[in-house]
1. Checking residue B:225 against (1) closer than 30 Å to residue B:389 by Cβ; (2) in contact with a strand residue (DSSP E or B) (Cβ under 8 Å, 6 or more places away or on another chain), only one condition comes out false. Which one?
2. I'm trying to understand the selection: among the residues of the stretch B:164-193, which are more than 30 Å from residue B:358 (Cα to Cα) and in contact (Cβ under 8 Å) with a residue 60 or more places away in the chain?
3. If only one of B:200, B:191, B:181 is in contact with an Asp or Glu (Cβ under 9 Å, 6 or more places away or on another chain), more than 27 Å from residue A:448 (Cβ to Cβ) and not hydroxyl-bearing (Ser, Thr, Tyr), which one is it?
4. Residues of the stretch A:334-357 being under 16 Å from residue A:320 (Cα atoms) and surrounded by fewer than 24 Cβ atoms within 10 Å (Cβ to Cβ), which ones?
5. Report those helices (runs of 4 or more DSSP H) wholly inside the stretch A:286-359 carrying at least 3 residues which are over 19 Å from residue A:526 (Cβ atoms).
6. I'm told residue A:204 meets every condition in (1) among the β-branched types (Val, Ile, Thr); (2) open to solvent by less than 20 Å² (accessible area, probe 1.4 Å); (3) in contact with a Phe, Trp or Tyr (Cβ under 7 Å, 6 or more places away or on another chain) except one. Can you identify the failing condition by its number?
7. Give the residue that is most open to solvent (accessible area, probe 1.4 Å), with candidates limited to residues of the stretch B:86-106 that are under 13 Å from the mean Cα position of the chain (by Cα) and within 11 Å of chain A (Cβ to nearest Cβ).
8. Kindly indicate whether any position in the stretch B:219-231 is crowded, with 22+ Cβ neighbours inside 10 Å, at pLDDT below 95 and either assigned to a helix (DSSP H, G or I) or more than 20 Å from the chain's Cα centre (by Cα) (or both).
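The values are calculated or read from the model by the stated rules, or taken from the named source; none is laboratory data. Computed from a predicted structure; not experimentally measured. All Cβ positions, glycine included, derive from the backbone under ideal geometry; neighbour counts span all protein chains shown. Quick note on the areas: whole protein, heavy atoms, side chains included, nothing else; ligands and nucleic acids left out. Shrake-Rupley method; radii C 1.70, N 1.55, O 1.52, S 1.80 Å.
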Amino acid sequence: MTGWHGRLLNVDLTSGRIWPEALPAELLQTYLGGRGLGVRLLRDYYQLDPFAAELPLIFAAGPLCGTAAPTAARLSVVSRSPLTGTIYDCSAGGRFAWRLKAAGYDALKIVGRSSSPVVLRVRPDGGKLLPAEKLWGEPIGTTVKALADHGSVAAIGPAGENRVLYANIMMGEGNSVGRGGLGAVMGGKNLKALTVSGEQKVAIVDRQRFDEARQDIIRLFKASPVIFGDLGIAEYGTPALVDLMAQRRMAPTENFRKTIFSAADHYSGPAIRKAYQPKNHGCYGCPIQCKKSMQDGTPLPEYETVNHFGALNGIDDLRSIVNSNNLCNQLGMDTISAAASISAWGEVNGRFPRAEEIGALLQAIARREGEGELLAQGAARLTRQLGRPELSMSVKGLELPAYDPRGAYGMALAYCTSNRGGCHLRAYPISHEILRKPVPTDRFDFAGKARMIKIAEDCNATIDSLVACKFSFFGASLEEYAELLAATTGVEYSPQSLKEIGERIYLTERYYNQQLGFSAEHDMLPERFFSEPGSSGDGIEVPPIERARFVEEREKYYRIRGLNERGEFNENYLERQP
Amino acid sequence: MIRQIERYAAKLHADGSARPDRTTLLARDDRLLCWGAEELLPLGKAVIERLNVISLVVAEPQLPFLELLLRRTDPATAELIPLDTETRTFLHDIPLVRKGEFSASDPQRLVELLGQRKGVLVEGVGIMATGSVTVEQAYINYSSVYHAIFVKTLYDLLKAPSPTREELALLRPLWEQLRLQPIEALTDDLQRGGLAGKAQVLSAMQQVGERTVALKLVDSFFGNISCRCGDQLYISQTGASLESLAGCIDQVPNDNSSTAGITASSELIAHRAIFRQTGAATILHGHPKFSVILSLLCEETACRIADCWKNCAKIRYLKDVPVVAGEIGAGGIAKNVPPVIGQEGVAVVYGHGVFAIGEEDFHQPLLAMVNLENWCREEYLRRLQSCCPQM
């Protein structure tokens, strides 16, 4: 077997037992790795409570990790989200995934709960639990620095320790396993950090075929204005989107009451470049290097973060936004959900917090102190507790990111059909509705969007299982990645067969969610988007979404998926799956 | 969705790439929508129902390029490697499927290949191309494959073995068109003089875009147009059809104080470099077919360069017009075209297309492109006749 090692490392934190397990080739070939493998490995556990000790927390790399495949030095972390209650995965870059493969493992499966804080050290000869009482309570930077000699680090900060429902697992290089609170799951296990090290190489069956496919991908990256264009993400990072979203009048502002923020140019890509003269960096071996950092290496915020700590809270101070980003990274907390929770709380209170108040609020959230106790539960729970549930701008409890659904109808549908709640990355229709890749579509029209979303969800489930970065697909497609995979593993894959794998992964997740109580009523946007317009102007009308048309397209989506009118399976889907 | 189908069926016929009586488009929403030639529908349905795609075009080119290509291709050949760089970049290779390999009741081979590639060449049928997002995407992929076989077939005719009389007869309407119908220099009505102000610039760009497509100097969604105006640059968006640029032009400040132009053409880098080095006011980029074909001809005999389309450092000439190599986007065009385009106001990128510049408006670049393409058409015929005196 090449590409995969065929090896999983089991860790039981309750007993302290650590042992390797063979992963069958058929399982790996069928679910690939990353999200797909993690979701399959959760089949016997997905109904457990997110904080149940027996619930596995799975770190899974993909078959391309460890090769020179562009953007593939990534892994997915899979478990059940304490924020949404759904099955949950998140992909992250950095060096950790590459080191995990170099240690000789495709995945780590962590169960149990340690009686005291520990660090899991993984090497080619196995794993070892090390005491971590001294690190408990420490921020990410201190933790990573303390463990640097052990290899690459993934750690939680105070937010994870205190089970903030949107706590992240942070990679040592600043990348995050974000959104759904898997940092809280890790904290619930008393696991402060993991370290991985090794030197094992990943063999490639057909080097020439691999190199040709890689060259094709690099050529497509160069031909993509979003990636390597003068104004693209390699130059400006994802804040390159700030100006575009302002121009399209779909930048969520003041808890989605408006869709344009007049001071957005204070934190745009060019504004950040002018203020910080950023350095480029990125995930291991990635040619794009879309991450930007200050000269001292401190990561600068992404698009979602600048919008949500900016427009969503009515803040125009770049220094404050950068500070908020840094605080979230150090405390180990998701920036989108943190900012969105604060924004929803601000609207309930009738006043959005001032820039100078944000830092203290973030500290309070991570430590669950004062108002932080409420804010740590996310927008859906806090607005419910305050008697204003309609002000939670979330789907299935996951706070919406920085693309207003009234400005992109495919995005509106995709937020709702996403298996992990209001996420932009499951189908990523912004790619065609806004960025014109691979072809442009009409953002104010639902026509055809149901099937587009279905196909994109299948593709992205595959991408998350390879595991590759979705930014690659602003240029390349599954066509080229199927070649890389076949060249690496010697198993023939095509875009079609990969989409079939992605469909299986997606439907498995949907089935899990159905068993957990999710149905059509959860595939729904907050009422605001059906009753209040966005900020029209400059010749662009941003009306409320027509609810009947939305529901009609959602019903089409269910039919295309083979689900009934409630968005449910009529049979046990898992019975037919490998 | 049915509106989209009808729109792209009309485009296929208008651009002359498909026979109206042999064109079928299929699209899947929550049900299958079909349009076009009845005899191709069973095959189209059988294929699309087995694929995770949205759209499929099945059509036969108006002229028998595929038949000619197959005659001159080893029967064991499984795929065509496009010579033009745009198709090579986005589609890689194009599988060839022979008659005995499929039927409407057993389309597995076609399903397998269309599950791997965006378009295939099918003996006895023509071109099949898919779209995974829109109907338009299937149309674009069809057009790319059509462009690739047009370029390759005509390029191959200039190479040994010389085509037979029978082979030449297959393309008789094309030879007559080349002899009798040069492209008309329809530029007099284009806006003239310095283009001042956004409204005037956008209007001029839309006008020249429509004209460039009408004169068949570019197909499908390829090509791009820009205009420099004060401290701003206006440029067509990536994936924009030059014949309908309304709402598809980005305004990009020269000082990069806004990144809203992230959706601009992938050739923004090249356009900026050309403006910087030449002082031009306008740029027009198209893919006129015979300029592309002749750019591929090279007289070098002892050259060791592989992948000439990106690696050749030499400047060759079509008449007086320089030909340079260079990949799309950030891949070399921006480096190689600007130093040479000022000589004649026009330059060719090897196997790709033509860039032309104007000092004030789009009259000059469009005229330059028309003149070059007409010269290349004549030159192509001359070369073909010199190797086929019986023509």
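1. The one condition residue B:225 does not meet is (1).
2. Residues satisfying the conditions are B:165, B:167, B:168, B:170, B:171, B:173, B:174, B:175.
3. Result of the check over B:200, B:191, B:181: B:191.
4. A:352, A:353, A:354, A:355, A:356, A:357, listed by residue number.
5. Because the criterion is at least 3 residues that are over 19 Å from residue A:526 (Cβ atoms), the helices (runs of 4 or more DSSP H) in the stretch A:286-359 that meet it are A:303-309, A:318-331.
6. (2)
7. Top of the filtered list is B:90.
8. Taking every residue of the stretch B:219-231 in turn, none turns out to be crowded, with 22+ Cβ neighbours inside 10 Å, at pLDDT below 95 and either assigned to a helix (DSSP H, G or I) or more than 20 Å from the chain's Cα centre (by Cα) (or both).
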